[in-house]
Amino acid sequence: MAVFFCTASVAQLPTLPPQAQAGDLIFRTGTEGVSHAVMAIDQGLYSHVGVLIGNAARWQVLHATPAERPSSPDAVVLDELSFYLHPQRASAFQVFHVRAASAQQRQRAVDWALAQKGRRFHMLDPSQGTYCTTLAWDAWAHAGITLPVQRTQLALPLLSGTYLLPSALAASPRLQALPAQPATSKP
């Protein structure tokens, strides 16, 4: 599997594989403190995931995250792909295609995910909110597709419980990593 690395150059735009579709999952290796904590616990390649929205003309990413903008709440947000993959937030990314999903299932997953916009980011209690991996998993479950995953029991101060970690979601046999694309220059 080839992972695409983000560059610090403003002249470079992230290019998604041409096979990418709305509803696919886009994982990133984050650069922020919370990303380092997730990766220390998970021991995987990724610290965060979002759901692709739109198309190649204008990709956006819906994801549940601690605030990434000043004075924004910790919530499910819809960001431009360039913001989601900006080198301040990401050092690498990979798109995963959901195998054997019909166009209708993709649309249901996207519609359900979009309806969560503004929902509170919360890791400890699903009735209080959601976090990135459960948002992505739930979107597909509401579309009628179960992504088989292994959840992890953590016994950490302030974070005891059962969690869906990014590496477990990425390892689901229903997901297929799409080949990485080189960056393209701005016109």
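The values are calculated or read from the model by the stated rules, or taken from the named source; none is laboratory data. Source: prediction; values computed, not measured. Methodologically, a virtual Cβ is constructed for each residue, glycine included, from the backbone with ideal geometry; neighbour enumeration extends over all protein chains shown. The accessibility values were calculated without ligands, DNA or RNA, using every heavy atom of the protein model including side chains. Shrake-Rupley method; radii C 1.70, N 1.55, O 1.52, S 1.80 Å.
In what order, largest first, do L78, L124, L135 sit by accessible area if the probe radius is 1.4 Å?
Solvent-accessible surface, decreasing: L124, L78, L135.
Charges at C-beta only: +1 for Lys and Arg, -1 for Asp and Glu. How large is the resulting dipole of the stretch 88-170 about its Cα centre, in Debye rounded to 20?
Dipole magnitude for the stretch 88-170 comes out near 160 debye.
Picking from A180, Q21, S160, whose Cα lies most toward the positive end of the charge dipole for the chain (charges on Cβ: Lys, Arg +1; Asp, Glu -1)?
Q21
State to the nearest 20 debye the size of the charge dipole of the chain about its Cα centre, where the only charges are +1 on K and R beta carbons and -1 on D and E beta carbons.
Around 300 debye, computed over the chain.
Along the positive direction of the dipole of the chain (beta-carbon charges: Lys, Arg +1; Asp, Glu -1; about the Cα centre), which of M123, Q105, T133 reaches farthest?
Going by the charge dipole, the pick is Q105.
What three numbers, in Å, describe the spread of the alpha carbons of the chain along their principal axes, ordered from the longest?
Cα extents, longest axis first: 48, 37, 32 Å.
Which value, in Å² and to the nearest 10, is the accessible area of I53 when all protein chains are kept and the probe is 1.4 Å?
The accessible area of I53 comes to roughly 10 Å².
Could you tell me what percent of the accessible area of the chain is made up of carbon and sulfur, with a 1.4 Å probe and every protein chain present?
58 percent
Per residue, how large is the accessible surface of the chain? Use a 1.4 angstrom probe and give square angstrom.
48 Å²
In the stretch 42-111, which trypsin sites (Lys or Arg not before Pro) are in a loop and have at most 16 other Cβ atoms within 10 Å, using DSSP for the loop call?
Here the sparse-neighbourhood loop sites are R99.
Once phi is turned into ³J(HN,Hα) by the Karplus curve 6.51 cos²θ - 1.76 cosθ + 1.60 with θ = phi - 60°, what whole-Hz value does each residue of the stretch 80-96 show in order, with x for glycine and proline?
Per residue, the Karplus-derived 3J(HN,Hα) values read 5, 4, 5, 6, 4, 9, 4, x, 5, 10, 9, 9, 7, 8, 8, 9, 10 Hz.
For the stretch 104-187, report the convex hull volume of the alpha-carbon atoms normalised per residue, in Å³, without decimals.
Hull volume over Cα atoms, normalised by residue count, gives 167 Å³.
Per DSSP helix of 4 or more residues, -39500 (n - 2.57); summed, then divided by the residues of the chain. What does that give at 222 nm, rounded to the nearest 500?
The per-residue figure over the chain is -6500 deg cm²/dmol.
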